[in-house]
Amino acid sequence: MMPAMTKNQFEPVWRSAAFIGALVALLTLGACAPATRQPTQVKIEIQDNVGFTIVEEAGISGEARERYQVAHSLFAQQRFVEGIALLEQLVDAEPELSAPRIDLAIAYHQQGDLELAEQNLRAALEQNPTHPLALNELGIIYRKTGRFDEARSSYEKALAVYPGFHSARRNLAVLCDLYLGDAQCALDNYEAYMETVAEDPDVAIWMADLRNRSGGQE
């Protein structure tokens, strides 16, 4: 289940206090790999006013499960090179899974390699085109590489799956405000974001500034 987002909209999701959806998904997988590999299917289970759980159904080995858990432990210790190496082995062995590719993308992003981050997100979305975590992360990559229209589309696709996705909502508002110059889009999404979080002083200030720049609209 997704936790409330922090004020830093670009914080890697596996750094949050709770497990990310992708990790929850992998821990629910079967213990034995199937003889014939098929693309996995992601199920989005939405809980109103709480968040969403992502379940990815597939069969994997106990070794793959352990490798994934160790990689997350390494990331928590800021040992990115070792964690990335483990996830690279995992995606080679289990190419049909989207969860480890998303985490690998976030790790590469954290290391500043946006190209490899994007490659892994695209690979994850080839398996599961509506995966909201992958769509949100890809939106961030698009924004950082100046593809603002693509970033907007990616955030909007994530929000179409789960409208209460705090991080994607905040990211879309910031994109519209600072990069697209779309004041109405920014204000609408700031307001929607503030309705779903207990407090975010930064966004409150940004909303006030935006209203001032837009002629004081309420």
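Values in this text are rule-based calculations from the coordinates and carry no lab data. Worth saying up front: this structure is predicted, and the values here are computed from it rather than measured. Please note: Cβ atoms are built from the backbone with ideal geometry, for glycine as well, and neighbour counts cover all protein chains shown.
Taking the criterion of being surrounded by fewer than 16 Cβ atoms within 10 Å (Cβ to Cβ) and either among the aromatic types (Phe, Trp, Tyr) or in contact (Cβ under 8 Å) with a residue 40 or more places away in the chain (or both), the only residue of segment 168-196 that qualifies is Tyr179. Among the criteria (1) surrounded by fewer than 20 Cβ atoms within 10 Å (Cβ to Cβ); (2) free of Cβ contacts under 8 Å to residues at least 24 places away in the same chain, the one Pro163 does not fulfil is (2).
If the condition is being under 11 Å from the mean Cα position of the chain (by Cα) and under 16 Å from Leu178 (Cβ atoms), then segment 129-156 contributes Gly139, Ile140, Tyr155.
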